[in-house]
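K.L.:
I am attaching a structure below and will ask some questions about it afterwards.
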Amino acid sequence: MSTYFPSGKGLADGRKWFVVDAKGKTVGRLATEVARMLSGKNNPAWTPFMDMGDHVIVINARHAKFTGSKGEQKLYRHHTLYPGGLREKSVREMLDSKPEKVIELAVKGMLPKTKLGKSMAKKLKVYADGEHRHSAQKPEAVEV
């Protein structure tokens, strides 16, 4: 008996493209499924130290939702690197100004914090509305 072990050659050629519609979906549940596709855990040949994942396009990020009181209580923080430069935005403000960033941060938080995780995150494309510019790749629609 022999075990199949994938080599790193030809991984980029075999990657598929998927489109996920975020309209009416909960952000956390959507992000877990997208992170699974990006890391390749839905692939039977998944290997922990290789980037086996596919490309994922998320559309309608503006219409994703949060459950419970996260809409008012959850805050996104960043620092400007100047003294007293801690800035905070609520989920509502973030969805109004940068809805793509909400999905990106949720998905990137579920990927490994290594070089491998950064290469997985590069395969994520998020758009606020229903149009995307990746029709040449012939993406398949996936229901999450």
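Each reported figure results from applying straightforward, stated rules to the coordinates on display, with no laboratory input. What you are looking at is a predicted structure, and each value in this text was computed from that prediction instead of being measured. Glycine also receives a Cβ, built like all others from the backbone with ideal geometry; neighbour counts cover every protein chain displayed.
K.L.:
Got a sec to turn the phi values of region 80-92 into Karplus ³J(HN,Hα) couplings, 6.51 cos²θ - 1.76 cosθ + 1.60 with θ = phi - 60°, whole Hz, x for Gly and Pro?
P.N.:
Result, rounded to whole Hz: 7, 6, 10, x, x, x, 6, 10, 10, 9, 7, 4, 4.
K.L.:
Another question, then. Taking a 31 Å limit on the Cα-Cα distance, which of the listed pairs Lys70/Lys138; Lys89/Lys125; Lys74/Lys118; Lys16/Lys89; Lys89/Lys113; Lys89/Lys118 fall beyond it? If you can, show how the numbers build up before the last one.
P.N.:
Numbers: Lys70/Lys138 36 Å; Lys89/Lys125 23 Å; Lys74/Lys118 25 Å; Lys16/Lys89 35 Å; Lys89/Lys113 24 Å; Lys89/Lys118 25 Å.
Those over the limit are Lys70/Lys138; Lys16/Lys89.
K.L.:
Please determine, in degrees from 0 to 90 and to the nearest 10, the orientation of helix 99-108 with respect to the longest principal axis defined by the Cα atoms of the chain, where the helix direction is its Cα long axis.
P.N.:
50 degrees
K.L.:
Calculate one ³J(HN,Hα) per residue across region 6-23 by plugging θ = phi - 60° into the Karplus curve 6.51 cos²θ - 1.76 cosθ + 1.60, and present them in order as whole Hz with x for glycine and proline.
P.N.:
x, 8, x, 7, x, 5, 5, 6, x, 6, 9, 10, 10, 10, 10, 8, 8, 5
K.L.:
Relative to 2.2 N^0.38 Å, what does the C-alpha radius of gyration of the chain come to as a ratio? Two decimals please. Show your work: numbers first, answer last.
P.N.:
Working: Rg = 17.0 Å, N = 144, 2.2 N^0.38 = 14.5 Å.
Dividing the Cα radius of gyration by 2.2 N^0.38 Å gives 1.17.
K.L.:
Show me the ranking of peptides 133-144, 20-31 by mean Cβ neighbours inside 10 Å, starting with the highest.
P.N.:
Working: 133-144: 12.1, 20-31: 18.2.
Listed from highest to lowest mean packing, they are 20-31, 133-144.
K.L.:
I've got another one for you. Taking amide H positions as placed 1.01 Å from N in the peptide plane, with prolines and chain starts having none, which residues 5 or more places from Gly53, or on another chain, fall under 5 Å of its amide H?
P.N.:
Under 5 Å from the amide H of Gly53 lie the amide H atoms of Gly40, each far enough along the sequence or on another chain.
K.L.:
Something else now. For Met37, Met110, what ranking results if the residue with the fewest other Cβ atoms within 10 Å of its Cβ goes first? Provide the component values of the computation, followed by the final result.
P.N.:
Numbers: Met37 23, Met110 16.
Listed from fewest to most nearby Cβ atoms, that is Met110, Met37.
K.L.:
Nearest 10 degrees, 0 to 90: what angle lies between the long axis of helix 27-39 and the longest principal axis of the chain (Cα atoms)?
P.N.:
Approximately 30 degrees, to the nearest 10.
K.L.:
Going by amide H atoms built from the backbone, whose H comes under 5 Å of the H on Lys25, apart from near neighbours?
P.N.:
Lys65
K.L.:
Additional query: Expressed as a rounded percentage, what relative contact order does region 44-144 have, with Cα pairs under 8 Å and six or more residues apart? All intermediate terms of the calculation are to be shown ahead of the outcome.
P.N.:
Values: 96 pairs, mean separation 37.8, N = 101.
Result for region 44-144 is 37 percent.
K.L.:
Ranking request for peptides 122-129, 11-18: highest mean number of other beta-carbon atoms within 10 Å first, then the rest in descending order. Write out the running numbers ahead of the final one.
P.N.:
Values: 122-129: 17.5, 11-18: 13.2.
Top to bottom by mean Cβ count within 10 Å: 122-129, 11-18.
K.L.:
May I ask you to order 39-45, 112-118 by the average number of other C-beta atoms within 10 Å around their residues, highest value first?
P.N.:
Details: 39-45: 15.0, 112-118: 12.4.
Sorting 39-45, 112-118 by mean packing, highest first, produces 39-45, 112-118.
K.L.:
Which one, Gly117, Val144, Ala106, projects farthest toward the positive side of the charge dipole computed for region 55-144 from Cβ point charges (K/R +1, D/E -1)?
P.N.:
Gly117
K.L.:
Please get the size of the charge dipole for the chain, origin at its Cα centre, with Cβ charges of +1 on Lys and Arg and -1 on Asp and Glu, quoted in debye to the nearest 20.
P.N.:
Working: 27 positive and 15 negative charges, 74 e Å.
Roughly 360 debye, rounded to the nearest 20.
K.L.:
Hey, what do the phi angles of region 61-78 turn into as Karplus ³J(HN,Hα) couplings, whole Hz, using 6.51/-1.76/1.60 and θ = phi - 60°, x for Gly and Pro?
P.N.:
So the J values, rounded to whole Hz, are 5, 5, 9, 6, 10, 10, 9, x, 9, 5, x, 9, 9, 6, 10, 9, 10, 8.
K.L.:
Taking H placed 1.01 Å from N in the peptide plane, check which residues at least 5 places from Val58 or on another chain put their amide H under 5 Å from its amide H.
P.N.:
For Val58, whose amide H was placed from the backbone, the distant partners under 5 Å are Val20, Lys125, Val126, Tyr127.
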